[in-house]
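Just so it is clear, none of the values below were taken in a lab; they were calculated from the coordinates. All values derive from a computational prediction rather than experimental measurement. As a convention, Cβ positions derive from the backbone with ideal geometry for all residues, glycine included, and neighbour counts pool all protein chains shown.
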Amino acid sequence: MLWVNGTAHASSDGLDRGLEFGDGLFETMAVIAGRIRLLERHLDRLEAGCARLRIPCPARALLVSELSRAAAAPSVGMIKLVVTRGQGGTGYRYTDGAPAHRYISAQPMRARPASYATDGIRVQLVSTRLGWQPLLAGLKHLNRLEQVLARAELTDEVAEGLMLDQAGHLVCGTFSNVFAVIHGALVTPALTRCGVVGSMRGALIEAWHATHHAVEVRDVQPDELQAASEVFVSNALIGVWPVTRLDSRQWPVGPIARQAQAWISQW
């Protein structure tokens, strides 16, 4: 027997493992004029995540068809795709070969101040730490409780929180990846132990490499930001937001962030 919001159902056999165990992945994509930005990059990450979790990934052609149809609906600015292992298995043990379930939601773009992109944002270091789990590092899996707790720490004046791992390394924002120009070098934290490898992060790194601009992907100590000449965050929905304040440290909006925004406007 299963009860949902107080209503009895005959069986709980059909409960999705994504709901039960967070056994799945998701992609959140920006829709611009009816088209999904960085669609192929999102699907590449989804397929890689499904392979690592041993979830049968829905066929790419099917996903492209369904996502494109959703993106073409009026007033759509963002799409969320969730792929779960579906149903079956006993407890944590899953049934091999069971078909994955896919969920697509389409909605208007979330309202955020335009000044975040033009004038920059204020950030803070949050106290919630990211746990190490290399088997899941980089994946956009369904367990986002660390980010939920971290986001709850922020006041209305702070647009994003910067998260550290258990060893005190800077990893990411609560919903973004972090870049900084430190002693003249463009740096972004390595995501081998935790964190999400963002689709926008990957596209920007590739763009910089194409212009022969090196990007250092390495462990970053939060104190290194004090020596940075510019800091900015990125994700698939927001593009790039320059960071102009962390505690008492302030930065101007820098040329590297502006170059990244110019690329994104072309994409």
Exercise. Between ASP156 and SER75, what is the label-to-label distance in nm when each label sits 7 Å out along the Cα-to-Cβ direction?
Worked result: 2.5
For this session: Starting from region 125-159, pick out the GluC sites (Glu not before Pro) whose DSSP state is loop and whose Cβ has at most 16 other Cβ atoms within 10 Å.
Result: GLU153, GLU157
Exercise. Which angle from 0 to 90°, rounded to the nearest 10, does the C-alpha axis of helix 255-266 make with the longest principal axis of the chain?
Worked result: 40
Seminar exercise, completed: Across HIS212, HIS101, HIS42, the residue with the highest GNM fluctuation in the chain (Cα network, 10 Å cutoff) is HIS212
Exercise. If you count, for each residue, the other Cβ atoms within 10 Å and average over each peptide, how do 196-206, 250-260 line up from highest to lowest?
Worked result: 196-206, 250-260
Exercise. If one takes the longest principal axis of the Cα atoms in the chain, at what angle in degrees, from 0 to 90 and to the nearest 10, does the Cα axis of helix 39-53 lie?
Worked result: 60
For this session: Per residue, how big is the convex hull around the C-alpha atoms of region 188-257? Give it to me in cubic angstrom, could you?
Result: 106
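Mean separation of Cα pairs under 8 Å and 6+ residues apart, divided by the residue count of the chain: what relative contact order is that in percent?
17
From the C-alpha gyration tensor of the chain, pull out the three semi-axes of the equivalent ellipsoid (sqrt of 5λ each), sorted largest to smallest, in whole Å. Please report the intermediate quantities before stating the final value.
On the way: eigenvalues 224, 92, 66 Å².
Semi-axes from the Cα gyration tensor: 33, 21, 18 Å.
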Exercise. Relative to the present Cα-Cα distance, how much length would full extension add between HIS9 and GLN266 at 0.36 nm per residue of separation?
Worked result: 87.5 nm
Seminar exercise, completed: Candidates THR95, THR128, THR211; GNM for the chain (alpha-carbon contacts under 10 Å) flags as most fluctuating THR211
Problem set entry | Relative pair counts by distance (%), Cα atoms of region 38-97, 5 Å bins | 4, 15, 24, 22, 15, 10, 7, 3, 0
Exercise. Percent antiparallel among DSSP beta bridges with both residues in region 101-213, to the nearest 5?
Worked result: 55
Problem set entry | Tensor-based shape of region 115-266 (alpha-carbon gyration tensor, a/c under 1.5 rounded, otherwise prolate or oblate) | rounded
For this session: Report the Cys residues of the chain lacking a disulfide-compatible partner, meaning no second Cys Cβ under 4.7 Å from their Cβ.
Result: CYS172, CYS194
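Nearest 500 deg cm²/dmol is fine: what mean residue ellipticity at 222 nm does the chain get from its DSSP H runs of n ≥ 4 alone, each adding -39,500 (n - 2.57), divided by its residue count? Please list the in-between numbers first.
On the way: 7 runs with 67 residues, N = 267.
Value at 222 nm, helices only, nearest 500: -7500 deg cm²/dmol.
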For this session: Please compute the net charge surrounding GLY131, taking Lys and Arg as +1 and Asp and Glu as -1 over other residues with Cβ under 14 Å from its Cβ.
Result: +1
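Please state the shape class of region 25-158: rounded when a/c is under 1.5, otherwise prolate if a/b exceeds b/c and oblate if not, all from the C-alpha gyration tensor. List each step's numbers first, then the result.
Working: a/c = 2.37, a/b = 1.21, b/c = 1.96.
Oblate, because a/c is 1.5 or more while a/b does not exceed b/c.
Add +1 for every Lys or Arg and -1 for every Asp or Glu among the other residues with Cβ under 13 Å from the Cβ of VAL82, and state the total.
On the way: positive: ARG17, LYS80, ARG85, ARG102, LYS140, ARG144; negative: ASP16, ASP23, GLU27, GLU66.
Surrounding charge for VAL82 is +2.
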For this session: Report, in degrees rounded to the nearest 10, the 0 to 90 angle that the Cα long axis of helix 60-71 makes with the longest principal axis of the chain.
Result: 70
For this session: Rank GLU230, GLU20, GLU160 by mean-square fluctuation in a GNM of the chain with C-alpha springs under 10 angstrom and give only the top-ranked residue.
Result: GLU20
